[in-house]
Amino acid sequence: MSFLVLENIKKSFGATAVVKDFSMSIEKGEFVSFLGPSGCGKTTVLRMIAGFESPSDGTIVINGRNQNGLKTSQRNIGMVFQAYALFPNMTVADNVAFGLKVAGKPKEEIGARVNEMLKLISLEHLADRYPYQMSGGQQQRVALARALAPKPQVLLLDEPLSALDAKIRVSLREEIRQIQRQLGITTVFVTHDQEEALSISDRIVVMNAGRADQIGTPSQIYNRPATRFVASFVGTLNIIEAIVVDPAANSVRIGNSVVTLRDPIGTSKSGGPISIALRPEAGSMAADAKGDTTLAGKVISSHFLGSVIRTKFDVAGSQVSFDMFNSPDSPLPQPGETVTLRFLASDLLVVRE
Ligand SMILES: Nc1ncnc2c1ncn2[C@@H]1O[C@H](COP(=O)(O)OP(=O)(O)OP(=O)(O)O)[C@@H](O)[C@H]1O
Ligand SMILES: [Mg+2]
């Protein structure tokens, strides 16, 4: 059995269903991100794991033990929040020691563990500082040390980086991941930043209105989005409106071209509409580019962005934007020009609405 199991979790506040049938299994030591827009229920699921809220329905099992009915204090979970939630009137060392003191650990053990934790976050030299004397990034590292000090069985991080500036966010997310690996602690990390989720997770749960739209590795989520929502939330994806020609042969019509897809079309009937997604990096204008599929595109606009050239095309009435590597010898595509776009049939993805 997986280490942390969420089984058909539902949560309503009054008449509003906020989490609708959410299930997933997380392995021991795994780093899982919940990714989704504001209000989709990320924090609510986290709070149910921690025991701050109880599910309206469903079960939560940690290490083989059903958590329903257990208080937060009985669950042995470490949590870090978005806002700096350190105790302002306590030093760094006392903040880190807090959970151990509450648990009634002996003084020597607390001292040793606090030193170990401060070393882990490289802040031994700031043990006697107060939170107001530290930067936001330092405070979040202390919050992490405080959460980890009692050796929790699960670590929950609710947008711990979102109040920090961009540079610190990147370095701290790598530090968090490295510490998580070192300790092998099962972790759920909440974010609404897709790049953050893609860069540090073993698996990502893309949440949409209280449900998991897709659960997969960063590569699966980015390269094989299951729904239109996942496709548009994780990266900027082009959607081409096409017409099904023959569902059995996986063929669709895009403008005047009939294209055979690698993705199964599913149940769509012949003559019906179908949405085809295409990554911005999938297309090429180069005549020697590898690609088994071509489509005509009329250039709408073209922008030089340094390493890439971003060009917007009209492809059979759908606007698609492609990023192509800059090469000093090739001129910018000119608006009005019609070009042949090449790509692989396997890059044309069928997405569920
Ligand atoms: N205690 C509560 N009572 C009533 N409604 C609540 C309560 N807690 C959360 N909600 C509602 O549940 C929905 C999901 O909230 P939640 O905090 O889980 O979203 P989130 O995905 O964490 O969003 P964000 O990215 O903004 O933090 C929201 O519409 C919110 O208003
Ligand atoms: Mg939240």
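Key figures for this structure:
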{"read-out": "Under the Karplus curve 6.51 cos²θ - 1.76 cosθ + 1.60, θ = phi - 60°, whole-Hz ³J(HN,Hα) for region 215-225, x wherever Gly or Pro sits", "value": "10, x, 5, x, 5, 4, 5, 6, 8, 10, x"}
{"read-out": "Cα-based equivalent ellipsoid of the chain: semi-axis lengths in Å, sorted from largest, via gyration tensor", "value": "47, 25, 15"}
{"read-out": "For Thr293, residues with placed amide H under 5 Å, excluding near neighbours", "value": "Phe343, Ala345"}
{"read-out": "Distance cut-off 16 Å, percentage of C-alpha pairs in region 239-350 lying past it", "value": "57"}
{"read-out": "Of Lys11/Lys151; Lys105/Lys167; Lys71/Lys107; Lys42/Lys167; Lys10/Lys167, those spanning more than 31 Å from alpha-carbon to alpha-carbon", "value": "Lys105/Lys167; Lys10/Lys167"}
{"read-out": "Antiparallel bridge percentage (DSSP; both residues within the chain; nearest 5)", "value": "75"}
{"read-out": "Under the Karplus curve 6.51 cos²θ - 1.76 cosθ + 1.60, θ = phi - 60°, whole-Hz ³J(HN,Hα) for region 169-180, x wherever Gly or Pro sits", "value": "4, 5, 5, 6, 5, 5, 5, 4, 5, 5, 5, 4"}
{"read-out": "Three-way shape label, region 281-325, alpha-carbon gyration tensor, a/c 1.5", "value": "oblate"}
{"read-out": "Contact order relative to length of the chain, as percent, for alpha carbon pairs under 8 angstrom and 6 or more apart", "value": "15"}
{"read-out": "Derived scalar couplings ³J(HN,Hα) [region 183-195; Karplus, 6.51 cos²θ - 1.76 cosθ + 1.60; whole Hz; x for Gly, Pro]", "value": "8, x, 8, 5, 9, 10, 10, 9, 7, 10, 9, 5, 5"}
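Values in this text are rule-based calculations from the coordinates and carry no lab data. All values reported here derive from a predicted model rather than from experimental measurement.
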